[in-house]
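Here's the structure, in structure tokens; my notes come after.
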Amino acid sequence: WEKEYHKKILLENEIYFPSVRKFNDPFDSTVPFRYDLGNDEQIFSLYVEHVRRDHPMLTENEVKRVARNELRINDIRNPERIQYNINIQREFAATKFGIFSVSTKKDNILLWSHYSNLHKGICIRFNCKKFREFIETDCVKKDLIIHWDYVDYQNEYPTLNPFDFEKIESYTKSLLIKSKDWKYENELRFILFDFPDKALIVPDGIIDQVILGCRIKKENEKELIQIA
């Protein structure tokens, strides 16, 4: 409770969407998409899509001709290009997305130890229904895109073929995979597109409960009760 940005959650209804660069797990959100795993038709279609986007004035025949030339010169299946694309993807994840993480568990002892100052802090509960309404109405009006989903805990980090997923998943899938060692967190993530390290103000009523740690200081307990 001594940290100012934690106080802002209750005093100003402010929630924060940090970049993955600020996460405590260095392997978080680093699972790469391997575009080289696509078949010839999928890869060519990808090049066509990029050329069409970058050169909207070209005819369809010209787009395909440029795409074939790009594929010949800079094939996505070359080992150097594979690593280059992985590096680009990780930079993209770090600079394009902000992630607000919550847990579905309010009484997990490890969570209180790791994230709440050894049980001297607090747990803040969010009303899921009202939070979802805020995302689907207020955020949409402000052109803010927020996708939410549960973290997928796996024994080994997979290799992801982006052609196996819908477009929204091709952006978010790698942001939702973590080692099984973190499964105790029961994490749900809210992924904000295009705005890493951004704070949002949520309406009253979304924050609906404050749980005090069993070792909380008496002065903090008194202050929190007054605020509540």
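Per-residue answers, yes or no, for (1) touching a residue at least 12 places away in the same chain (Cβ under 8 Å); (2) loosely packed, with under 15 Cβ neighbours inside 10 Å; (3) touching a Leu at 6+ places or on another chain (Cβ under 8 Å):
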position	(1), (2), (3)
Val140	no, yes, no
Ile146	yes, no, yes
Ser174	yes, no, yes
Leu192	yes, no, yes
Phe195	yes, no, yes
Leu200	yes, no, yes
Ile207	yes, no, yes
Arg215	yes, yes, yes
Inspect the stretch 119-129 for any residue being within 30 Å of Leu224 (Cα to Cα), among the basic types (Lys, Arg), out of contact with any strand residue (DSSP E or B) (no Cβ under 7 Å at 6 or more places or on another chain) and in a helix (DSSP H, G or I) and give the result as yes or no.
yes
Taking the options Asn69, Asn13, Asn24, name whichever one is farther than 24 Å from Gly98 by Cβ and either under 24 Å from the mean Cα position of the chain (by Cα) or not charged (D, E, K, R) (or both).
Asn69
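Here are Arg68, Arg90: which of them is touching a residue at least 12 places away in the same chain (Cβ under 8 Å), in contact with a Pro (Cβ under 9 Å, 6 or more places away or on another chain), of a type in the set (D, E, K, R) and in a helix (DSSP H, G or I)? Give the derivation first.
On the way: Arg68 fails: in contact with a Pro (Cβ under 9 Å, 6 or more places away or on another chain).
Going through Arg68, Arg90 in turn, just one is touching a residue at least 12 places away in the same chain (Cβ under 8 Å), in contact with a Pro (Cβ under 9 Å, 6 or more places away or on another chain), of a type in the set (D, E, K, R) and in a helix (DSSP H, G or I): Arg90.
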Whichever residue in the stretch 11-56 is farther than 21 Å from Glu187 by Cα, of a type in the set (A, V, I, L, M, F, W, C) and in contact (Cβ under 8 Å) with a residue 24 or more places away in the chain and, among such residues, is surrounded by the fewest Cβ atoms within 10 Å (Cβ to Cβ)
Leu11
Being within 16 Å of the chain's Cα centre (by Cα) and basic (Lys, Arg) is the filter; apply it to the stretch 133-181 and report the residue that is farthest from Ile225 (Cα to Cα).
Lys167
Tally of residues being more than 29 Å from Asp194 (Cα to Cα) and loosely packed, with under 12 Cβ neighbours inside 10 Å across the stretch 80-117:
3
If Trp112 satisfies every condition in (1) at pLDDT 95 or above; (2) closer than 30 Å to Glu219 by Cα; (3) out of contact with any helix residue (DSSP H, G or I) (no Cβ under 7 Å at 6 or more places or on another chain); (4) outside any helix (DSSP H, G or I) but one, which is the exception?
(4)
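The values are calculated or read from the model by the stated rules, or taken from the named source; none is laboratory data. Because the structure is a prediction, the values reported are computed rather than measured. With ideal geometry, Cβ positions are generated from the backbone for all residues, glycine too; neighbour counts draw on all protein chains shown.
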